[in-house]
Amino acid sequence: MNSTFSKKSGLTLLWLVLVLVTGVEVGAMDAADCAKADGLAATAITDHSAMLSWTSNPNHMMYEVEVRSKGRTPKFKWHSETMENSLMIDGLVPGSMYRFRVKAKCMEGGNSGSTKWHVFETAGMSPNESCPKAEELLAVDITGTHATLTWDGGDYATHFEVEVRSKGRTPTYFFERSQLDNMVIISGLALGGKYQFRVKTKCENGASSGSTKWSAFMTLMDSIPEPDTCPQPMNLEVDSITAHSAQLSWDKVEGSDVYQVILESADSAMSDTIVLMDSIIILAELAPLSNYFVAVRTLCVDGVSEAAVASFETLEDTTEMDTCPAIGNLIVDMITDTSAMVTWDTTEAAVAYDLELREMADSILNGIDSFETVEGSLELTDLKANTTYVVSVTAVCLDEGRSSPVEAEFATTGDMEEDSCVVPTDLEASLQDSSFMLMWSTVDSPTVQLQVRFDDSTSLLLDSILDASTFDFQHPLDDVQYAFRVKTICDSLSSSEYSEWESFPATTIVSAFVCDAPGDFSIDTVGEDFANLSWAGSDTVRYQIQVQTPDSLWGFILDSDSSMTFLTLTDLDQMTDFEVQVRSLCGDENSPYTEWLEFTTNLDSAACEAPTNLSAEMIDDSSALLKWEGSDSLEALVHVESTDSTSLIELNLNSFTGSITVSGLTAGVEYQYRVQNVCDSGDTSGYSYWYAFVLEDTIIAECNEPDSLMIDSVAMDAVLASWHAFDSGHYVYMLMSLDTTMAFEVKDTTADLHLLIDGLSASTPYQLRVKALCIDGESQYTEWLSFTTLDSVGETCDPAEDLILDSVSETMAWISWMGPDSVQYLVEAKTTDTSDTDVISLVSDEPAIHLMDLHPATEYHVSVRTLCNNGDTSEASAYLVFETMEIIIIDTCDTPLPMIDDITMHSAAMSWTSSSPGALYLLEVEQIGLTPYFNLITTSYDTSFLVEGLSPDGDYQWKITAFCSQDAYSECSPWMNFTTLSDSMEVSCPAPSGLAVSEMDENGALLSWDEGTEYIDFEVEVESLDTTAYYGQISIVTEHSISVEGLEAGGLYQFKVNALCNSAEVSEDSDWFEFGGMDTTMVDTAGASRSMVASMAYPNPVQETMIVKMPQTVEDAETIITVTDLTGRIVISEKVDFITEGEMLDFPVGHLREGVYQLLVTSPDRQYRQLVFKGEK
């Protein structure tokens, strides 16, 4: 529990006591005598500096300026005095918060009070800021063999890592590149191939984002452009030629923004390719007096243009040298082991000199340190002893020309001062709660070797190397004498002598007791009228706290029975500066006070409060999930550190979700963490209290073999494989040919979880296995994984696989299988009856077949062969054996009795009694009253069904009908009502709603949905439907709309959306929203026009002929009538140019198998739909 103390309740008495006891004179200078400065401002702000200013006063003589860090910014404290009313400060950290205040000294000798803090933020990216992932990944300008990949990299990106891979059965393609631009054009793709790409961002603070999600795209089936569809750049000119650069320009091609420039040298092997979105470019870093050839092509959506070419020669590099002469007489002297003096003869033309210093190791120059001076000399400091350096000096002239550099080589001395590695001193052992803190002082290096023993023994209890000047010696035995000593380790080759042994405790634990000042004293949280303090100390002592403001001083003592090491100060004044300190009271002895800590209370109740209820969950041997509760903050700053001095670690992390998983920790080590909030107002709270946790060693010296080894893609001469693994840095793979006539074996290592092996032979079987290399050994190999490369003529003609019987009746069967795309299949079916010599032989354009006119109660054997495009025919697949159903004469078809088995917020489990063996049931479910619209009509051979997608607290009704053999069907059951459970908990991350399509033309559309304050970004998936050419796109956007391009005129498409919420949860997907299928004159297919239900077909159910009556609203208009099955496959399609009033259309449907179909009637401005049930003949 927290202790509290009210200032208002005791302030007057404490102040009176202080005055009477200490004789302090109470008085205050009139503010009018020395007024405070005002108008504080920070201007000219850069990454590392800012100009601080304020309004001056004629009575002011001097200003004292104080600058401090704020919030998450690394600690910074700076004081200065100036007679001006402005001051430039540098050495700041980019993207960080600072505050400053000013105190004036007046002519009459008085001082004003300090102003209020003025807060400002430096430009740039904070060192601890996370690098955001790239967004809006798009593949545009796609042809049969090329694609342009683009993305939004954000404001702080320095370069990107792009990865492209093939998918499925597309020939192996693997592309990786690190580049500066947020666009790349890839080539060498396969016609109609499926690919995916992702991007990793590197930011200016050195941080790296994770990879984005894969974004998929597909190339066109034909890459040959029509004549004149990609115009050649015209009027290519090369001008402004110098010794090292030239300007290249051409006329902009209408309708294209992307060009490819190829630069080649006629004098060397230099070649460079540049892609840009402008018709002018400066070619830089060219060689003097060299011949170059340049070619420029237009990159169009449907191909690449012919090249426009030109050649030029650069000038001689003499002009700049003549105008800016080089320095002379470069000398390096006064060389020591850490410094050297560089001097040279200056030139009249030079206004400054640039120096570059490089370290030479094994004849290789490493690193560059740059300096600038206007003098003819410069002292180099902080050099390494016994090291060779190269220094170069370049003159900089008035016309911004530069001379040629002049270099000199020198070596620092290797002499070291005697006793440079000094023995540690000031050894001391200080008693803590249940341990001794061992302390010492070092001069040269913080690295030491510590030894601890019993004082009367030569056997060591501890021998460890530390990077610290303290060590917490845990759990000493009472009345036992110990001793420790320390030596300094300066580098890998030198160390000091050991210190003398230091004994502890002197006699007993009690006699060694020292009254230490509280440690780790901090201000954890500050509000409008309160502040939380905490410190480290013993619960056997009392503590005295003092608090002061510019106008008062007061204090109090915490009782020893409270055993508190934290405190809440309450009833403080708003917007007031406070200072606080604490000391230990140990009976007859008191410790010194800690240093004063300063804080300022907030203005109002909108304070940024520190997080509470810290916890650590899901702890294993290397990670832990840290969680906390707090106010509605934009961001939380998490500080994690180890408490074990033998395993030092300190992490500063950012979280936006109220939790964070910390990895890379050490098993068996104790850690602690604390959290502070960055609130909507921009203010930063104080830190929470520390929370400690220990990592358990759940995995001990295990080196597990990789799992899930799989072949991702196979080509004629290459294979791409991948696997999963845990806690391993490298892997050994072995590839072996199974062709006995061709000996082939490869064994190598990789650090990746994937592997691309090329140089293989076509049509050859291989096997692959992988094992992990761990720190303490290696794992077992995985099992061999076999594969065969493709035929050298093209893709092998693979047989069909995985034949499946989808449904069967007395005389029909539906069969499907897995096989290559864009081929035909030969299907053969025969019986086992030797008297039946009929063999059914059919050709199918898709991997499925509908077998009709079969014999009832008969066993059939079905096999499939692939008919490939090159004229080859595969081997027959394995037989699929099935038996048709027996014809059962049933006189009755009972009405099924409905029952509700289970109801949740979003679903209902239904069942019913059986009407007859093999009956097909038609289930209807719809909403009642004000419940959101819901209508489901489906069939099932089972006597149960789970209805999903219902609304919480919704009212519904349902009924069931049975269709038995021999044209018999039952009556419908009575409507049965039910209500879903109420949603008592608000969905923390609901799926986006209100999906709509607008601004649709022949090639694109604007997709939109409702926005919400709980959403951070959205993932949008768009795909084609039915017979429309393949289209697929997955994009992540922050707006609640997206424009899609490259659609097919009249094509059918659908899209759905999910969202990432502020709670870090990802919502469910929205329902699919269908659009398209209209003429290009239609501009809006959203809303009711896509969901109008009409009664158009009869009879329903239907057996032989379906009669469709046209709605009146489509009269005298071109209309498309389509019928699709439940998979979306079109089984009937007819276009009618004109409809007259009262006209009815007949459609034969006897060839269709029984089931539910959807009838669509589409006109230029409307679409109607109806579900139709096809019964058995």
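We did not get these values from a lab; they are worked out from the coordinates using the rules stated. Quick caveat, the model's predicted, so the values are computed rather than measured. Neighbour counts are summed over all protein chains in view; Cβ atoms, including those assigned to glycine, are modelled from backbone coordinates with ideal geometry.
Take the alpha carbon gyration tensor of region 425-504, find the square roots of its eigenvalues, order them as a ≥ b ≥ c, and report rounded if a/c is under 1.5; if not, report prolate when a/b exceeds b/c, else oblate. Spell out each step's value before the answer.
Working: a/c = 2.19, a/b = 1.64, b/c = 1.33.
Prolate shape, in that a/c is at least 1.5 and a/b is the bigger ratio.
Under the 0.36 nm per residue contour assumption, what length would be gained going from the current alpha-carbon distance of His79 and Asp333 to full extension?
Numbers: separation 254, 0.36 × 254 = 91.44 nm, distance 3.83 nm.
My answer for the length gained is 87.6 nm.
Summing Lys and Arg as +1 and Asp and Glu as -1 over all other residues whose Cβ lies under 11 Å from the Cβ of Lys384 gives a net charge of -3.
Quick check: net charge around Arg865, other residues with Cβ under 10 Å of its Cβ, Lys/Arg +1 and Asp/Glu -1? Could you put the intermediate results ahead of the total?
Details: positive: none; negative: Glu828, Glu875.
So the environment of Arg865 carries a net charge of -2.
Entry note, region 62-148: relative contact order of 25 percent, from Cα contacts under 8 Å with a spacing of 6+ residues.
Using the structure shown, list the pairs from Lys167/Lys213; Lys167/Lys771; Lys36/Lys116; Lys77/Lys116; Lys200/Lys627 with a Cα-Cα distance above 19 Å, or answer none.
Values: Lys167/Lys213 15 Å; Lys167/Lys771 25 Å; Lys36/Lys116 10 Å; Lys77/Lys116 16 Å; Lys200/Lys627 28 Å.
Distance filter (> 19 Å) returns Lys167/Lys771; Lys200/Lys627.
Say R0 is 25 Å: what FRET efficiency, to the nearest 0.05, do Ala287 and Ala310 get from their beta-carbon distance? It would help to have the intermediate numbers written out before the result.
Details: r = 18 Å, r/R0 = 0.71.
After rounding to 0.05, the efficiency reads 0.90.
Arrange the peptides 744-755, 128-139, 874-885 so that the one whose residues have, on average, the most other Cβ atoms within 10 Å appears first. Display every interim value, and only then the final one.
Details: 744-755: 12.0, 128-139: 19.6, 874-885: 16.2.
Output ranking for 744-755, 128-139, 874-885: 128-139, 874-885, 744-755.
The simple Förster model, with R0 at 45 Å and r as the Cβ-Cβ distance, assigns Ser114 and Ser208 a FRET efficiency of 0.60.
Any chance you could run the full-extension gain for Gln232 through Leu651? It's 0.36 nm times the residue separation minus the Cα-Cα distance, nm to one decimal.
Separation in residues times 0.36 nm, less the Cα-Cα distance, equals 145.2 nm.
Remark: the Thr447-His159 segment gains 99.9 nm on full extension, using 0.36 nm per residue and subtracting the alpha carbon distance.
What FRET efficiency comes out for the pair Asp758/Asp345, r = Cβ-Cβ distance, R0 = 60 Å, nearest 0.05? Write out the running numbers ahead of the final one.
Values: r = 59 Å, r/R0 = 0.99.
Between Asp758 and Asp345 the formula returns 0.50.
Note that region 1002-1019 has calculated 3J(HN,Hα) couplings of 5, 10, x, 7, 9, 9, 9, 7, 5, 8, x, 6, 7, 9, 9, 8, 10, 10 Hz, one per residue in order, obtained from phi through the Karplus relation 6.51 cos²θ - 1.76 cosθ + 1.60 (θ = phi - 60°); glycine and proline are x.
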